[in-house]
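Some notes on the structure that comes next.
A short reminder: the numbers here are calculations on the coordinates, not readings from a lab. This is a predicted model, so every value here is computed, not measured. We place every Cβ from the backbone using ideal geometry, glycine too, and count neighbours over all the protein chains shown.
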Amino acid sequence: MSVEEGLLVVFTGNGKGKTTAALGMAMRAAGHGMPVLVLQFIKGAWSYGELSSFENMSDITLKQLGTGFTWKKESLDEDRKLAAKGWAEAVSEMERGHFKIIILDELNVVLSYGLIPLDPVLDALRARPPGLHVVVTGRGAPEELIAMADLVTEMKQVKHPYQDRGLKAQKGIEF
Ligand code: ATP
Ligand code: MG
């Protein structure tokens, strides 16, 4: 098959593996020399291993756009501002057309908390250049996004060491 079609991919659900699946795709694409952009919404406070890994990979650009979700009513305004700024960057990168894959990590969370409105997001995704793959991750993907997507995987939690044993996050597995 030689036709190149940009897919809209969604990784959602309550089980672990959404972000790491997207990062795996980034690794795979970089192996073909495809430029990949990873925009991480909400995240910013933790030092994830992928930050250093991708620093050494010229085809993958990773940017954190948040400060860690505060979950506090009084700072939602700040979360909203950061989310809107991040989304503006996503739109301009989609229009610029340099990257072959754009990963919008945790955008589902941004949308399900109403930090930015859904309709302009759907419109911009619909209007993206035809060859551009976009991957959206995070719990609680909106129904409309799922309906629009070409590939949707819902991670289902079967066991999780935190939920089952209260085990804290392990280096290399969760961060
Ligand atoms: P990962 O980044 O490891 O691929 P994820 O993107 O699927 O996980 P998120 O919803 O982004 O998961 O959750 C962020 C953090 O919460 C991760 O450190 C993840 O390991 C952890 N986590 C995911 N699922 C669960 C769960 N069911 N119970 C407790 N913690 C979880
Ligand atoms: Mg995630």
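Data table
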{"item": "Reach of Lys16 by Cα under 21 Å, taken over lysines that are not fewer than 8 positions away in the same chain", "result": "Lys43, Lys156, Lys159, Lys168, Lys171"}
{"item": "Cubic angstrom per residue, convex hull over Cα atoms of the stretch 8-165", "result": "120"}
{"item": "Point-charge dipole on Cβ atoms (K/R +1, D/E -1) for the stretch 8-165, about Cα centre, debye to 20", "result": "360"}
{"item": "Rough spin-label spacing in nm, given labels placed 7 Å along Cα→Cβ, for Gln163 and Ser92", "result": "4.0"}
{"item": "222 nm mean residue ellipticity, helices alone, for the chain (DSSP H n ≥ 4; -39,500 (n - 2.57); rounded to 500)", "result": "-11000 deg cm²/dmol"}
{"item": "Charge dipole (the stretch 8-165, unit charges on Cβ, about Cα centre) - positive-most of Pro35, Ser75, Met155", "result": "Met155"}
{"item": "Sorted by Cβ density within 10 Å, fewest first, the residues Ile101, Ile146", "result": "Ile146, Ile101"}
{"item": "Gained length - Ser53 relative to Leu7, 0.36 nm times residue gap less alpha-carbon distance", "result": "14.0 nm"}
{"item": "Net +/- balance of residues flanking Met148 in space, Cβ distance below 14 Å, scoring K and R +1, D and E -1", "result": "-3"}
{"item": "Spin-label pair Lys16/Asp123, simplified geometry with 7 Å Cα→Cβ offset, distance in nm", "result": "4.0"}
{"item": "Listed residues Pro120, Leu167, His133: farthest to the positive end of the dipole of the chain (Cβ charges)", "result": "Leu167"}
{"item": "Per-peptide average of other Cβ atoms within 10 Å, ordering 162-170, 44-52 highest first", "result": "44-52, 162-170"}
